[in-house]
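Bear in mind that the values in this text are calculations on the coordinates, not laboratory data. The shown structure was predicted, so the numbers you read here are calculated from the model rather than taken from an experiment. Glycine also receives a Cβ, built like all others from the backbone with ideal geometry; neighbour counts cover every protein chain displayed.
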Amino acid sequence: MYPKAFPLISQIANAAELPALETMVVELSNEVDALPGPIVIVLDDVHLLTSPDCVAMVLELLRHPPEAVHFVLVSRHEPPSSAAARTRSIAWT
């Protein structure tokens, strides 16, 4: 839909060394905000996220979502109880 979207995030993802988590979240949020309309981001197979950094990034994006974004998380089962509790509290606040 937006083939030229996320140029900076694409560069960062292909870098030899990733920047700090906060930098990734801010840059992704900025690039999503630059898109020309509301969007839905679907994260499928969330149950496969095992990296603490990946989980932290998703939770941070849910805590401070870009303005015109709706997130849909799809999982085959409930995440571990601590992540589920944090996700539920974020989703309803």
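Quick look at the numbers
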| read-out | value |
| --- | --- |
| R0 of 22 Å, Cβ-Cβ distance A56-H77: FRET efficiency to nearest 0.05 | 0.60 |
| Hz values of 3J(HN,Hα) by residue in region 10-24 - Karplus curve (6.51, -1.76, 1.60), Gly and Pro given as x | 4, 5, 4, 5, 9, 6, 5, 10, 7, x, 4, 3, 4, 5, 4 |
| Cα gyration tensor shape of region 1-85, rounded if a/c is under 1.5, else prolate or oblate by comparing a/b with b/c | oblate |
| Potential lengthening between D44 and M1 on full extension [0.36 nm per residue; Cα-Cα distance subtracted] | 13.7 nm |
| Charge dipole of region 1-76 about the Cα centre (unit charges at C-beta), most positive-ward option of I12, V40, T50 | V40 |
| Extension gain, I12 back to L35 (0.36 nm per residue minus Cα-Cα distance, nm) | 6.4 nm |
| Whole-Hz couplings from phi, Karplus 6.51/-1.76/1.60, listed for region 33-39; x for Gly and Pro | 4, 6, 5, x, x, x, 9 |
